[in-house]
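The values are calculated or read from the model by the stated rules, or taken from the named source; none is laboratory data. Predicted, not measured: the structure shown is a model, and the values here were computed from it. Here the Cβ is made from the backbone with ideal geometry for all residues, glycine too, and neighbour counts use every protein chain on show. To get the accessible areas, we keep the full protein, side chains included, count just its heavy atoms, and leave off ligands, DNA and RNA. Shrake-Rupley method; radii C 1.70, N 1.55, O 1.52, S 1.80 Å.
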Amino acid sequence: MSIKGFHIVFIVFSTLLALGIGCYCVWIDLTVGEPVYRTGAIASFVSAVVLIVYGVLFYRKMKRLRLIT
Amino acid sequence: MEIPYTVSARRDTGLWNAKVGIWLFLASEVMLFGGLFSAYIFLRLDAGPGDWPHGLLNVPVGTGNTAILIASSVTVVLAWAALKMRDLTKYRIYMAITILCGVAFLVVKLAYEWPQKFDHFGAFIKEDALGKYEQYLGNKHLLEKGLPPRKEITGHLHNKEALKDPNIKEYEIALDPINADPTNPAMDRPHFWPKPATEKIATIEKEDVQYANMFLPKHSAYFASYFTITGLHGAHVLGGVLVFCYMMLPASTRIYRHNPEHLANRVEVAGLFWHFVDLVWIFVFPLFYLL
């Protein structure tokens, strides 16, 4: 596997981590009830979306530059 | 003499040599970290209720470090792509950012997170003395809520000499919020947003303590695993940073002038290693900081 492929795998895992942290923050917020965790959840879900968008753009750009065949 | 297959692919493997080498190396690394992760998970599963420390790490700092490593993975790929596009200036910029990210991660880990732990104290109370320290443990309240009991009192040790001097019969601890106000429902779950130690001082008699120490590897299986895995991971980050620094030296520029593809291949191999190191952290972070 090349660095391009491994990078996409890495972004997938990072996205899953961001989603996991988001769900975790929601759970803590429901049990402890501190607004800081709600902020954490929003930040995590936004990060997950940013990572997904970046991953798609990266894949497209690599393909356009013929660095991914 | 020219070393063969540093740029072109071998006919038999279809890969250039260094790529085969790095994947063999990464396979051995998977076994190394896999063994350590397995050990941690089995230790955790085997721990009795209340025996496994919870919420002792600084989650916001860990999250920041995770973001730094993810950003560095992006910049290392951009550095490689810049080389492929034959843009040496952009390559240098992205590589410098990658190095800065690696250094920032290590500084946070070694100059902030670890020393903070070395300065923290915990005392595990003997089973038969748990009732005596109920005001700091709040186990009746936890029992009513069906939560695991607390057995450890944590905070900042005022009389550090008590750790070594057998003539001092008690520990004086400036309590963490969780032990200062244990029946507060907000303390039922670990606090992941760091709260400083309170000014409430608890006096714990040594004869009631099963085991007490600063948050060092010998404190518990949790901290032994934490320092081993994060230390080994930190060593890998340092290794990666040193390799990237080498790739910024004039020697690498000479390679680029001679054959740009040769340097691009070197950066790709180092980048694969860097991605692996970052991927390990993606598992370390939730395992130690959150679960």
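Details
- DSSP loop GluC sites (Glu not before Pro) with at most 13 other Cβ within 10 Å excluded, longest remaining stretch of chain B: B:3-198
- Accessible area buried by the pairing of B and A, both sides summed with a 1.4 Å probe, works out to roughly 2600 Å².
- Charge dipole magnitude, Cβ of K and R +1, D and E -1 - region B:2-111, Cα centre, debye nearest 20: 500
- The dipole here belongs to the protein assembly as shown: it is taken about the Cα centre, uses +1 on the Cβ of Lys and Arg and -1 on the Cβ of Asp and Glu, and is about 2180 debye.
- Calculated on C-alpha atoms, the gyration radius of region B:1-126 divided by its Kirkwood radius gives an Rg/Rh of 1.12.
- Options B:Pro286, B:Val103, B:Leu249, ranked by Cα towards positive dipole end of chain B, top entry (Cβ charges): B:Leu249
- Relative contact order %, region B:121-214, counting alpha carbon pairs below 8 Å whose residues are six or more apart: 37
- Degrees between helix B:260-284 axis and first principal axis of chain B (Cα, 0 to 90, nearest 10): 20
- Accessible area (Å², per residue) of chain B, counting only protein heavy atoms and a probe of 1.4 Å: 47
- Bridging of B:Lys84 to lysines at a Cα separation below 19 Å is possible for A:Lys4, A:Lys61, A:Lys63, B:Lys19, once same-chain residues fewer than 8 apart are set aside.
- Size descriptor, Kirkwood hydrodynamic radius, that averages inverse alpha-carbon separations across region B:231-291, Å: 12.9
- Straight Cα distances below 29 angstrom link B:Lys164 to the lysines B:Lys109, B:Lys117, B:Lys126, B:Lys132, B:Lys151, B:Lys195, B:Lys200, B:Lys206, B:Lys218, with same-chain residues fewer than 8 positions distant left out.
- Trypsin sites (Lys or Arg not before Pro) within region B:69-161, DSSP loop, no more than 12 other Cβ atoms inside 10 Å: B:Arg86, B:Lys145
- Top positive-direction residue, dipole computed over chain B with Cβ charges, set B:Thr203, B:Trp114, B:Thr183: B:Trp114
- Protection proxy ranking, highest mean first, for peptides B:272-284, A:12-24: B:272-284, A:12-24, where packing is the per-residue count of other beta-carbon atoms within 10 Å, averaged.
- Ellipsoid fit via the Cα gyration tensor, the protein assembly as shown: semi-axes of 47, 22, 17 Å, each the root of five times an eigenvalue, largest first.
- Listed residue (A:Val26, A:Ile42, A:His7) projecting farthest to the positive dipole end of chain A, Cβ model: A:His7
- Label zone at B:Phe25, where the point sits 7 Å out along the Cα-to-Cβ direction: region B:236-263 residues whose backbone N lies under 16 Å: B:236-248, B:263
- Normalised by 2.2 N^0.38 Å, where N counts its residues, the alpha-carbon radius of gyration of region B:134-213 equals 1.14.
- Annotation for region A:21-68: trypsin sites (Lys or Arg not before Pro) lying in DSSP loop with at most 15 further Cβ atoms inside 10 Å of their Cβ are A:Arg66.
- Using only alpha carbons, chain B has a radius of gyration to Kirkwood radius ratio (Rg to Rh) of 1.12.
- At the listed q of 0.14, 0.18, 0.19, 0.25 Å⁻¹, the Debye profile of region B:179-237, built from one uniform point per Cα, gives log10 I(q)/I(0) equal to -0.66, -0.96, -1.02, -1.12.
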